[in-house]
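Participant: So that we are looking at the same thing, I have put the structure below in structure tokens.
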């Protein structure tokens, strides 16, 4: 299973996150994907966190920065299926 899997639909993308986002490699991969998607015309993204049990502060920062980046490019990101633990972090 990939740590980040992206499904494309007509007007939006679903980014399925899998595993814990605690290491530099995972967070950098997430940041790179956000930087690639944000300037595209199809920059509406649903982030499915159903299979994520833990985020560190760096991963949380990457998500918050992505929100600002997407707004700058008139895009949107939304989070769904987050555990109670992750909801409390936000």
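Read the figures in this text as sums done on the coordinates, not as results from a lab. What you see is a predicted model, and the numbers here were worked out from it, not measured in a lab. Glycine gets a Cβ as well: all are built from the backbone with ideal geometry, and neighbour counts include every protein chain shown.
Participant: Can you pull out every residue in region 32-54 that is without any contact (Cβ under 8 Å) to a residue 24 or more places away in the chain and either in contact with a strand residue (DSSP E or B) (Cβ under 6 Å, 6 or more places away or on another chain) or assigned to a helix (DSSP H, G or I) (or both)?
Facilitator: Across region 32-54, the qualifying residues are 32, 36.
Residue by residue, here is whether (1) surrounded by 15 or more Cβ atoms within 10 Å (Cβ to Cβ); (2) touching a helix residue (DSSP H, G or I) at 6+ places or on another chain (Cβ under 9 Å) holds:
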position	(1), (2)
18	yes, no
35	no, yes
43	yes, yes
55	yes, yes
60	yes, yes
69	yes, yes
77	yes, yes
81	no, no
88	no, no
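Participant: When you scan region 2-31, how many residues do you find that are in contact (Cβ under 8 Å) with a residue 24 or more places away in the chain and assigned to a strand (DSSP E or B)?
Facilitator: 10
Participant: With 81, 43, 28 as the choices, which residue is more than 11 Å from the chain's Cα centre (by Cα) and within 14 Å of residue 6 (Cβ to Cβ)?
Facilitator: None of the others qualify; the one that does is 43.
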